[in-house]
Amino acid sequence: MSFEIAVIGDRDTTTGMALAGATYTHVHTTKDETLSKLNEFLTSDEIGLILLTHRVAEELGFEFRQLMRTKRLLPLVLQIPDKTGYVPEVDELREIIRRTVGGEIIIRKEGR
Amino acid sequence: MAAVLAVSPTRMELMKLRKRVGLAQRGHDLLREKMDALVMEFFEVLRKIQEVRVRAFEQLLTAHRALTNCLAVMGTLETMQAAREAKRELQLEISTRYVMGIAVPAVEVGEVERNALARQYSLHMTSSALDEASREFERALKFLIELAELNESAFALARELEKTKRRVNALEYILIPRLKEAIKFITMRLDEMERENFTRLKRIKAILEERR
């Protein structure tokens, strides 16, 4: 099946992604508005990938994590840095590794 | 501890328990193997993520720089206008793939990068800085799509891994020890009964010999 791409983020991110061909974009202004938009994207059958900036994800906070826990396999959701390259300290993937591997801290060598 | 299973100390029960331990042990071994395989798969995906992530985020920063440049050259409103005009119909082909019985998404995407004409914004109103920005963003998007697929796979694997681990631990630390404890309890009880019986017989024999 073929799907489209949705982007939620600041104005620069959405503009850039629109130029690259993302079909749906939403500029984050208020939390409520973004949440309802995100919900709409998540329940849509046409959207296969939602990109949203770390900053927005952080601002949505608990509700966002709740949505991520209950979402179906599709659409995929990926958090991306915004134009300042902002990536939070606590990485969701790191968190998961810690939980599954059990408190182990993993040091991976680059380019192996 | 034996009371946990509340078994009656019979030979029948003992045989049943032995069978159950055997089964639990086999299940445990199988799950263990599954877990090991999952861990290997998981780390493979993590390694890939690390690679793609670095590339994707770097490319995204480059794209943002190009966009900033474009905003400066063309003006904010004009750039946004162009973004609105641009053709925005990138299609992803997503299917599910199964890795050891776990559904992970497989994303396929055609060529993300397009030439300036295919983008369909007005060419004579825009500057080449816009083309540049679009191209960089298209490249970034391609990496990000790849990253999203890997990310989701990692999550699916992690979820399964957690489940498997919990099962392995439940078998290893709860069920099997309890069954073993019950078996021990029954064998001790049976031995004890044997000894009781033995002394009883001895005593009866002694009494009978006295009477004769």
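The values are calculated or read from the model by the stated rules, or taken from the named source; none is laboratory data. Everything quoted here is computed from the prediction, not taken from an experiment. No Cβ is skipped: glycine too gets one built from the backbone with ideal geometry, and neighbour counts run over all protein chains shown.
Summary of values
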item: Any hit, the range B:182-197, residues being touching a residue at least 40 places away in the same chain (Cβ under 8 Å), at the interface with chain A (Cβ under 10 Å from one of its Cβ atoms) and of a type in the set (A, V, I, L, M, F, W, C); result: no
item: Qualifying residue in the range B:163-173 (condition: under 22 Å from A:THR13 (Cβ atoms) and within 11 Å of chain A (Cβ to nearest Cβ)); result: no
item: Test for B:LYS184: is it more than 18 Å from B:VAL45 (Cα to Cα), within 12 Å of the chain's Cα centre (by Cα) and not acidic (Asp, Glu); result: no
item: Test: residue in the range B:149-167 that is out of contact with any His (no Cβ under 9 Å at 6 or more places or on another chain) and over 30 Å from B:ASP29 (Cα atoms); result: yes
item: Checklist (1) buried (at least 19 other Cβ atoms within 10 Å of the Cβ); (2) modelled with pLDDT of 80 or more; (3) out of contact with any helix residue (DSSP H, G or I) (no Cβ under 6 Å at 6 or more places or on another chain) applied to A:GLY21, failing item; result: (2)
item: Options A:VAL56, A:VAL7; residue that is more than 10 Å from chain B (Cβ to nearest Cβ) and touching a helix residue (DSSP H, G or I) at 6+ places or on another chain (Cβ under 9 Å); result: A:VAL56
item: Number of positions in the range A:59-112 that are touching a helix residue (DSSP H, G or I) at 6+ places or on another chain (Cβ under 8 Å), modelled with pLDDT of 75 or more and at the interface with chain B (Cβ under 10 Å from one of its Cβ atoms); result: 9
item: Candidates B:GLU194, B:GLU111, B:GLU149, filtered to the one that is among the acidic types (Asp, Glu), exposed (fewer than 12 other Cβ atoms within 10 Å of the Cβ) and at pLDDT 85 or above; result: B:GLU194
item: The one condition in (1) loosely packed, with under 15 Cβ neighbours inside 10 Å; (2) more than 26 Å from A:THR53 (Cβ to Cβ) that B:ARG159 fails to fulfil; result: (2)
item: The listed residue being buried (at least 19 other Cβ atoms within 10 Å of the Cβ) and either free of Cβ contacts under 8 Å to residues at least 40 places away in the same chain or more than 30 Å from B:ALA24 (Cβ to Cβ) (or both), out of B:TYR173, B:TYR121; result: B:TYR121
item: Residue in the range B:122-132 that is in a helix (DSSP H, G or I), charged (D, E, K, R) and modelled with pLDDT of 85 or more present; result: no
item: Any hit, the range B:25-32, residues being under 29 Å from the mean Cα position of the chain (by Cα), within 13 Å of chain A (Cβ to nearest Cβ) and of a type outside the set (S, T, N, Q); result: no
item: Residues of the range B:56-88 classified as small (Gly, Ala, Ser) and under 14 Å from B:SER122 (Cα atoms), total; result: 3
item: Breaking point among (1) closer than 19 Å to A:GLY9 by Cβ; (2) modelled with pLDDT of 80 or more, for B:ARG88; result: (2)
item: Top-ranked residue of the range B:124-138 - restricted to ones that are free of Cβ contacts under 8 Å to residues at least 60 places away in the same chain and in contact with a helix residue (DSSP H, G or I) (Cβ under 6 Å, 6 or more places away or on another chain), ranked as surrounded by the most Cβ atoms within 10 Å (Cβ to Cβ); result: B:SER134
